[in-house]
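A.B. asks: Below is one structure. I have some questions about it.
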Amino acid sequence: MKFYKSLYIGDTVKNPRKIKRKLKKHAKLTNIYVVAYIEESRRLEIYHCFMLQQYYYKEHPPYIIGLAGSKEEATRIIVKIAEEAVAKTGKADLTAYLFPLSE
């Protein structure tokens, strides 16, 4: 499992290093949502961390952009990324903002 170098962390997330370690080991965390970049569709998606327990995600781990304590907080992280993208580039292309060299 890969994590974004400037990982977005929600306000309610305590000890992100511990959460990252547990996610890598596929531990069951009840109150963690992830904002993940899905390369095939080139978009960001929100998953409850239990989704990462499925076999598919163990074989094809998503690229984690952010950690949140609720779905609403994960949505706020995506909104924050969109606001940063528009402020910096003038466009709402989140993947181009997050990965400028992937074009």
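Just so it is clear, none of the values below were taken in a lab; they were calculated from the coordinates. All values reported here derive from a predicted model rather than from experimental measurement.
A.B. asks: Using a Cα-Cα cut-off of under 18 Å, which aspartates and glutamates could be cross-linked to K91, ignoring same-chain neighbours fewer than 8 residues away?
C.D. replies: Partners within reach: E83, E103.
A.B. asks: A further question follows. Between E45, E59, E72, which gets the highest mean-square fluctuation from a Gaussian network model of the chain, Cα cutoff 10 Å?
C.D. replies: Judging by the Gaussian network model, the answer is E59.
A.B. asks: Fully extended, how many nm does the chain gain between E40 and R76 (0.36 nm per residue separation, minus their Cα-Cα distance)?
C.D. replies: Difference between extended and current length: 10.6 nm.
A.B. asks: List the pairs from K22/K80; K14/K80; K22/K88; K14/K88 whose alpha-carbon separation is above 22 Å, in the order I gave them.
C.D. replies: As for pairs spanning more than 22 Å Cα to Cα, those are K22/K80; K22/K88; K14/K88.
A.B. asks: Right, here's the next one. Suppose the chain between I9 and M51 were pulled fully straight at 0.36 nm per residue; how much longer would it get relative to their current alpha carbon spacing?
C.D. replies: Details: separation 42, 0.36 × 42 = 15.12 nm, distance 1.90 nm.
That pair, I9 and M51, stretches by 13.2 nm at full extension.
A.B. asks: Quick one: compute the contact order of the chain, relative version, from alpha carbon pairs under 8 angstrom and 6+ residues apart, as a percent.
C.D. replies: After rounding, I find 32 percent.
A.B. asks: With θ set to phi - 60°, apply the Karplus curve 6.51 cos²θ - 1.76 cosθ + 1.60 along the stretch 67-77 and write out the HN-Hα couplings as whole Hz, x wherever there is a Gly or Pro.
C.D. replies: 10, 9, x, 7, 5, 5, 5, 4, 5, 5, 5
A.B. asks: Classify the stretch 32-71 as rounded, prolate or oblate, taking a ≥ b ≥ c as the square roots of the eigenvalues of its Cα gyration tensor: rounded when a/c is under 1.5, otherwise prolate if a/b is larger than b/c and oblate if not.
C.D. replies: Oblate is the answer for the stretch 32-71, as a/c is 1.5 or above yet b/c matches or exceeds a/b.
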